[in-house]
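The values are calculated or read from the model by the stated rules, or taken from the named source; none is laboratory data. Since we're looking at a predicted model, the values are computed, not measured. Cβ sites come from the backbone with ideal geometry, for glycine too, and all protein chains shown count toward neighbours.
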Amino acid sequence: MDMTLEVVPVPVSDTDRAKDFYANQLGFTVDMDVQVNESLRFVQLTPPGSKCSIHIGEGTSAMEPGSLKGLILVVDSAAAAKTVLEGKGVQLSEIDEQSWGRHVYFTDPDGNAWALQESFARNQQRAAAGQ
């Protein structure tokens, strides 16, 4: 039996502001933006290259805006990703170097916390496979 994680809810206070941040600053694709009724709106966005999306909107989460911590986006190079996103106005931490990889941290406009992770093992596996 397969079980794929495909959509993660991210609690936000202002759907349009969050949609702008994720789409225009982070480069996520807007898959859907549906206003079901006055109190229910679903916006689904997918990071470039990902098979897992996030959804934001009114009436879609019982979590408090900004309460989601620890989502990780895997990148080939933390330094390159940091440079690109800072060029789009995203405020990021300095690169955190660990023995297994590098991390860069940021928050969305509500304070939901994310990390960009460069995995040394993943990059080595990809290089060995010729990718």
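So, GLY89, is that one in contact with a Lys or Arg (Cβ under 8 Å, 6 or more places away or on another chain), surrounded by fewer than 16 Cβ atoms within 10 Å (Cβ to Cβ) and either modelled with pLDDT under 95 or in a loop (DSSP other than H, G, I, E, B) (or both) or not? Write out each step before concluding.
Values: in contact with a Lys or Arg (Cβ under 8 Å, 6 or more places away or on another chain): no; surrounded by fewer than 16 Cβ atoms within 10 Å (Cβ to Cβ): yes; either modelled with pLDDT under 95 or in a loop (DSSP other than H, G, I, E, B) (or both): yes.
Against the criterion (in contact with a Lys or Arg (Cβ under 8 Å, 6 or more places away or on another chain), surrounded by fewer than 16 Cβ atoms within 10 Å (Cβ to Cβ) and either modelled with pLDDT under 95 or in a loop (DSSP other than H, G, I, E, B) (or both)), GLY89 does not qualify.
Quick one: GLU64 ticks every box in (1) surrounded by 13 or more Cβ atoms within 10 Å (Cβ to Cβ); (2) modelled with pLDDT of 95 or more; (3) acidic (Asp, Glu); (4) within 20 Å of THR15 (Cα to Cα) except a single one, so which number is it?
Tallying (1) surrounded by 13 or more Cβ atoms within 10 Å (Cβ to Cβ); (2) modelled with pLDDT of 95 or more; (3) acidic (Asp, Glu); (4) within 20 Å of THR15 (Cα to Cα), GLU64 fails exactly one: (1).
Has segment 106-122 got any residue that is exposed (fewer than 15 other Cβ atoms within 10 Å of the Cβ) and among the polar types (S, T, N, Q)?
no
Could you count how many residues in segment 30-54 are over 17 Å from ILE72 (Cα atoms) and either hydrophobic (A, V, I, L, M, F, W, C) or part of a strand (DSSP E or B) (or both)?
The total comes to 13.
Can you tell me which residues in segment 1-29 are part of a strand (DSSP E or B) and farther than 11 Å from HIS55 by Cβ? Give the steps one after another, and end with the answer.
Within segment 1-29, the first condition is being part of a strand (DSSP E or B), and the residues that meet it are 7-9, 29.
Matches in segment 1-29: THR29 only.
Consider CYS52 against the criteria (1) more than 12 Å from the chain's Cα centre (by Cα); (2) surrounded by fewer than 17 Cβ atoms within 10 Å (Cβ to Cβ): it satisfies all of them except one. Which criterion is unmet?
(1)
What tally of residues in segment 1-55 results from selecting those that are in contact (Cβ under 8 Å) with a residue 24 or more places away in the chain, touching a Leu at 6+ places or on another chain (Cβ under 7 Å) and small (Gly, Ala, Ser)?
1
Please list, ordered by first then second residue, the pairs with beta carbon atoms under 9 Å, 6 or more apart or interchain, first in segment 81-99 and among the small types (Gly, Ala, Ser), second assigned to a loop (DSSP other than H, G, I, E, B) and surrounded by 10 or more Cβ atoms within 10 Å (Cβ to Cβ).
Going by the 9 Å Cβ cut-off, the qualifying pairs are ALA81/VAL75; ALA81/LEU92.
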